[in-house]
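The values are calculated or read from the model by the stated rules, or taken from the named source; none is laboratory data. Remember, it's a predicted structure, so these values are computed and weren't measured experimentally. Every residue, glycine as well, gets a Cβ built from its backbone with ideal geometry; the counts of neighbours run over all protein chains shown. Please note that ligands, DNA and RNA were not included when accessible areas were found on the heavy atoms of the full protein model with its side chains. Shrake-Rupley method; radii C 1.70, N 1.55, O 1.52, S 1.80 Å.
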Amino acid sequence: MHELLTGSVYFGVLLSLGTFGVGTWLKKKFHSPLCNPLLISVVLTILVLLALDIDYDTYYQGAHYINYFLTPSTVCLAIPLYRQLSLLKKNWRAILAGIASGVLTSLVCVLALSALLGLDHRMYVTLLPKSITSAIGMGVAEELGGLPTITVAVIILTGILGAMIADGLYRLLGITEPIAKGVGLGTSAHAMGTAKALEMGEIEGAMSSLSIAVAGVFTVVGASVFAMFY
């Protein structure tokens, strides 16, 4: 059975899609923020690989095909943004201010916690780009002398956590404005936050997709400056 599974070039992609499907089903059934499809998919995939004693390289031989869809799926985020272009033009100052404040808050929090926990400079710069998409975050961490592999892990955890707590946090703080919700999720939880924002509504998704790009640019500049503070 083990040889049959690992011998299939599509084993990795089938496992990834299957576990994500289970996560999506659980999300629809229980409607709990803990039932995040991506989180469930990650956990189940790890458990299956451990149970079948399959190494990562074997899994990735098939799973890497999913990467082909990353670029077109990212481009698709421009569609809801285009539909809300008039809203963007009307509120661009508030949107940019919200994104800038979110990026600044993230960088300040990393600085404060690194000092509090006594992290060294290398780990500090590794964590600075935690709230932006991994494609940009890895480059920032590497340029600053950090550890890109840890940066990716932290970015994924940040996105999952942001998507999980978004609904509850917005209710707690009484935030109902769609633009504010979208900007908050895109700035703090990148693509995973945008997926959650799209569930909330088209305006939320459009503002979140915009925030991913702008927050990435702001973080590249901000992280370079903050790297000198610690």
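One table, with the values for the structure above:
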| quantity | calculated |
| --- | --- |
| Rounded to 10°, Cα long-axis angle of helix 92-117 versus longest principal axis of the chain | 70 |
| Simple Cβ-charge dipole of segment 1-147, Lys/Arg +1 and Asp/Glu -1, about Cα centre, in debye nearest 20 | 1100 |
| Accessible area (Å², per residue) of segment 1-148, counting only protein heavy atoms and a probe of 1.4 Å | 63 |
| Helix axis angle, 134-143 relative to the chain longest principal axis, alpha carbon, degrees | 70 |
| The chain, accessible surface, carbon-and-sulfur percent (1.4 angstrom probe) | 71 |
| Segment 161-230 - percent relative contact order, Cα under 8 Å, separation 6 or more | 28 |
| Within straight-line cross-link reach of LYS89, lysines at Cα separation under 21 Å, skipping those fewer than 8 residues along the same chain | LYS181 |
| Selected from ALA166, VAL110, LEU144, residue furthest toward positive end of dipole (the chain; charges at beta carbon) | ALA166 |
| Nearest 10 degrees, 0 to 90: helix 178-200 Cα axis against the chain principal axis | 40 |
| Per-selection Rg to Rh, the chain - Cα, Kirkwood hydrodynamic radius | 1.00 |
| At R0 = 30 Å, FRET efficiency that the Cβ-Cβ distance of LEU17 and ILE175 yields, to 0.05 | 0.35 |
| Local electrostatic count, GLY21, Cβ distance below 12 Å [Lys/Arg +1, Asp/Glu -1] | +2 |
| Cβ-based net charge around LEU144, under 15 Å, with every Lys or Arg adding one and every Asp or Glu removing one | -1 |
| Label point distance in nm, HIS31-ARG93, each placed 7 Å from Cα along Cα→Cβ | 4.0 |
| Value of [θ]222 nm, deg cm²/dmol, for the chain, DSSP H segments ≥ 4, -39500 (n - 2.57) each, nearest 500 | -26000 deg cm²/dmol |
| Solvent exposure ordering (accessible area, 1.4 Å, most first) of ARG122, ARG83 | ARG83, ARG122 |
